[in-house]
1. Pairs under 9 Å by beta carbon, first residue more than 13 Å from Ile94 (Cα to Cα) in region 132-143, partner β-branched (Val, Ile, Thr) and at pLDDT 95 or above, six or more apart or different chains?
2. On the given criteria, is Ala236 at pLDDT 95 or above and either open to solvent by less than 10 Å² (accessible area, probe 1.4 Å) or of a type in the set (Ser, Thr, Tyr) (or both)?
3. Would region 149-162 turn up any residue that is free of Cβ contacts under 8 Å to residues at least 40 places away in the same chain, in contact with a helix residue (DSSP H, G or I) (Cβ under 8 Å, 6 or more places away or on another chain) and buried (at least 19 other Cβ atoms within 10 Å of the Cβ)?
4. Quick one: what pairs do we get from region 96-121, first residue β-branched (Val, Ile, Thr), second buried (at least 22 other Cβ atoms within 10 Å of the Cβ) and part of a strand (DSSP E or B), C-beta under 6 Å, 6+ apart or different chains?
Amino acid sequence: MLCAMTLSIMTANLNGIRAAQRKGFFEWLEERRPDVLCIQETKAQRAQLEGGPYFPAGYHAAFADAERKGYSGVAVYSLREPDSYHEGLGLPEIDREGRWLEARFGNLSVVSFYMPSGSSGEHRQGIKDAFMEPLLERLGAMAADGREYVIGGDWNIAHTWRDLRNWRSNRKNSGFLPHEREWMDRLLGEAGFVDAFRQVNDADDEYTWWSFRGQAWANNTGWRIDYQITTPGIGARVRDSHIHRADRFSDHAPLTIEYDWPD
């Protein structure tokens, strides 16, 4: 499919692609060179990035921009040019925020996905809740369509108590609400998808997001809300995973999964 027998896919919520660039993200990317990179929260339209250092040599890049400037947005970078790109889910309220971009390589689809957050208040939580059921239906149909999928992104839900440090005090907070965790149970159960990270790493205290407040980063008081959710075929081929914490490009850490996948 892509380059070699080992397929490296990275997902990273950059909380602003321009801010992450100023913190050295693209220099670091040149060292790592994943086969595919899924970015969330670009917070920029592609036209604002042209001519800047946002297009590393050798990478093909596509963006799904939010209509509102400086908000949301996802991107997919790949060393191999995809056969095609598919933007959005056909849900206007979600699609206008730039939250879904699929790149197809043969029978494999790699998606950059950014789940709405409900942490800012009841209105946004309501939008998130209204989206989750049609999304699960869509994902169920995808699982049955014969393609393999890797959906990398910020899912804005910690699945179990092991996926955040202070789980007891967060049971009434967005991202760890009972119905959100039950939705993840269904995604990884009846819908047939796989949490790729947990295929090879069953350790506690493995997080991908830390608040900028207080000493959350230093004390590892985090949440694991960035995932690569896959169909079972490629999910069974996970060989390694890594959360990069040596640098802080964002309030999220890049998550890389390596798969044994035919060229």
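The values are calculated or read from the model by the stated rules, or taken from the named source; none is laboratory data. On a predicted model such as this, the values are computed, not experimentally measured, just so you know. Every residue, glycine among them, receives a Cβ derived from its backbone with ideal geometry; neighbour counts consider all protein chains shown. All accessible areas refer to the heavy atoms of the entire protein, side chains included, with ligands and DNA or RNA removed. Shrake-Rupley method; radii C 1.70, N 1.55, O 1.52, S 1.80 Å.
1. Listed pairs, sorted by first residue: Leu139/Ile151; Leu139/Ile229; Met142/Ile151; Met142/Thr231; Ala143/Thr231.
2. no
3. Scanning region 149-162, I find no residue that is free of Cβ contacts under 8 Å to residues at least 40 places away in the same chain, in contact with a helix residue (DSSP H, G or I) (Cβ under 8 Å, 6 or more places away or on another chain) and buried (at least 19 other Cβ atoms within 10 Å of the Cβ), so the answer is no.
4. Pairs found: Val110/Val36; Val110/Ala103; Val110/Val150; Val111/Glu102; Val111/Ile151.
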